[in-house]
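As structure tokens, the structure follows; a few thoughts come after it.
Values quoted throughout were computed directly from the atomic coordinates according to the rules given, and no laboratory measurement underlies them. A quick note: this is a predicted structure, and the numbers were derived from the prediction, not measured. Don't worry about glycine lacking a Cβ; one is built from the backbone with ideal geometry, like all the others, and counts go over all protein chains shown.
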Ligand code: FES
Ligand code: FES
């Protein structure tokens, strides 16, 4: 077992973990962060995407011990009380989800994209989200939502940080 300290959505946890434990299982099974879903067992779907020290990662392809000393932001850390993050509002307003299974990962990947490129073209949005699969929407509304979120977040450093 290994002892790790990890901050998730602003709360610091100390956990004893097996070295083989995946970050997504730490989040879901130990910390109750079930807003981060598991959509595959091949690291392909992107549903489990979270931010790890400011960069999006597929949390099913990261070991919990690799997050020792790190700051993790999940979809559950984006809203402030009843106030949704601009990307969450944009996905809602553009009807960018149907079953919603891919949505947490899509939003976290979009946040990472907008940190690097605050005003992306549609092509750049599609490229930035190519690691995230959606089986329902056909992607057009997702691209529109990211564009709308980018417009809303323009100049809002807090929204770009995700907090
Ligand atoms: S559950 Fe992580 S990529 Fe599919
Ligand atoms: S909304 Fe169903 S998988 Fe994307």
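Residue ranges 49-56, 100-107 sort as 100-107, 49-56 when ordered by packing (mean number of other C-beta atoms within 10 Å per residue, highest first). Counting neighbouring beta carbons within 10 Å and listing from fewest to most, the residues 42, 74, 5 come out as 42, 5, 74.
One quarter of the convex hull surface, Cα atoms only: what value does that give for region 37-163 in nm²?
Mean shadow area of the hull around the Cα atoms is 7.4 nm².
The distance linking region 139-157 with region 2-73 is 26 Å (Cα centroid to Cα centroid, whole angstrom).
Determine the percent antiparallel among the DSSP beta bridges restricted to the chain, to the nearest 5. Among the beta bridges of the chain, antiparallel pairing accounts for roughly 90 percent.
Helical runs assigned H by DSSP (4 residues or longer) give the chain a calculated mean residue ellipticity at 222 nm of -8500 deg cm²/dmol, each run adding -39500 (n - 2.57) before division by the residue total.
For Cα pairs less than 8 Å apart in space and 6+ apart in sequence, what is the mean separation divided by the residue count of region 2-77, i.e. the relative contact order in percent?
Dividing the mean separation by the residue count of region 2-77 yields 41 percent.
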